[in-house]
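Right, one structure below, let's go through it.
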Amino acid sequence: PNILFLVLDSWRRDEFNQDNTPNIYNFAPRTHQFRQHITGGNRTATGVFSMFYGLYSDYWERALSARKGPVLISRLDQLGYRILGMSSEPVEFIDVRKSVFVDVPHAVHDQWTEKNHEDRDIASVEIIDQFTAKSSTKPFFAWMLFHSSHVRYYFPEEFAKYKPYAKQVSYREIS
């Protein structure tokens, strides 16, 4: 089967509804959803690590230093899957080139000509659409990390559903 991971960093599960995320909501009935997943890490890098390795984040640094990819990716590669690992933010901050995709570095796409997060997320969707629509006898695995759902919560002004809203949040100033 084809496998597609759409990862919205720091996204609140209770925001998944017809009103706030109509496109994802309408796509969801055709998918398997893991509604009881609890991350194994409390930041992006360790959450992604636990997603792929099935281990708690305590093992992230060991896997990183060992340059050992997860069984999932190596098995999918052995089975002939087309693999794409994509992030709308350069992945150096989570080191997936040195861990998750270490065995398939050609599969990582995270360099963009688009300057802002919103445009990179839109371009990412276009690339995923092309990748998944490509006619092939091989199944695909695609992982997409959307960054605009992460702090600072980037979105085009016309998508502002609830107004007024804070244009910027400084966590250093919140007590």
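Summary value for the range 19-168: 21 percent relative contact order, contacts being C-alpha pairs under 8 angstrom separated by 6+ residues.
A cut-off of 5 Å between modelled amide H atoms, ignoring neighbours fewer than 5 places along the same chain, links D9 with F146, S149.
Answer rounded, prolate or oblate for the range 61-175, using the Cα gyration tensor with square roots of eigenvalues a ≥ b ≥ c: rounded when a/c is under 1.5, else prolate when a/b is larger than b/c, else oblate. Oblate. Across the range 31-40, coupling constants 3J(HN,Hα) worked out from phi with the 6.51/-1.76/1.60 Karplus curve, θ = phi - 60°, read 10, 8, 10, 10, 6, 10, 5, 10, 4, x Hz, and Gly and Pro carry x. Taking amide H as placed 1.01 Å from N in the peptide plane, the amide H of V108 sits under 5 Å from that of G85, each at least 5 places away or on another chain. Lys and Arg at +1, Asp and Glu at -1: add these up for the other residues within a Cβ distance under 14 Å of I73 and post the number. Summing Lys and Arg as +1 and Asp and Glu as -1 gives +4. Compute the long axis of helix 44-53 from its Cα atoms, compare it with the longest principal axis of the Cα atoms of the chain, and write down the angle in degrees, 0 to 90, nearest 10. On a 0 to 90 degree scale, this one is about 40. The Kirkwood radius of the range 58-123, taken over pairs of alpha-carbon atoms, gives through the Stokes-Einstein law at 25 °C and 0.890 mPa s a diffusion coefficient of 191 µm² s⁻¹.
With +1 on each Lys and Arg Cβ and -1 on each Asp and Glu Cβ, how big is the dipole of the chain about its Cα centre, in debye rounded to the nearest 20? Walk me through the numbers before you get to the answer.
Numbers: 21 positive and 21 negative charges, 96 e Å.
For the chain, the charge dipole is close to 460 debye.
Among the listed pairs K68/K138; K68/K115; K98/K167; K115/K138, which have their C-alpha atoms separated by more than 30 angstrom in this model? Beyond 30 Å: K68/K115; K98/K167; K115/K138. Under conditions of 25 °C and 0.890 mPa s, the range 1-118 yields 156 µm² s⁻¹ as its translational diffusion coefficient, taking Rh as the Kirkwood radius over Cα pairs in the Stokes-Einstein equation. For the range 1-158, the residue among P29, H117, A107 whose Cα projects farthest onto the positive side of the dipole built from Cβ charges is A107. Once backbone amide H atoms are built at 1.01 Å from N, R82 has F140, F141 as its partners under 5 Å, excluding neighbours fewer than 5 places away on the same chain. Hydrodynamic estimate: the Kirkwood radius of the range 27-96 over Cα pairs, inserted into Stokes-Einstein at 4 °C and 1.567 mPa s, corresponds to D of 95 µm²/s.
Coordinate-derived values only; no laboratory data. Here the structure is a predicted model, which means the values were calculated and not measured. Positions of Cβ are backbone-derived with ideal geometry, glycine not excepted, and every protein chain shown enters the neighbour counts.
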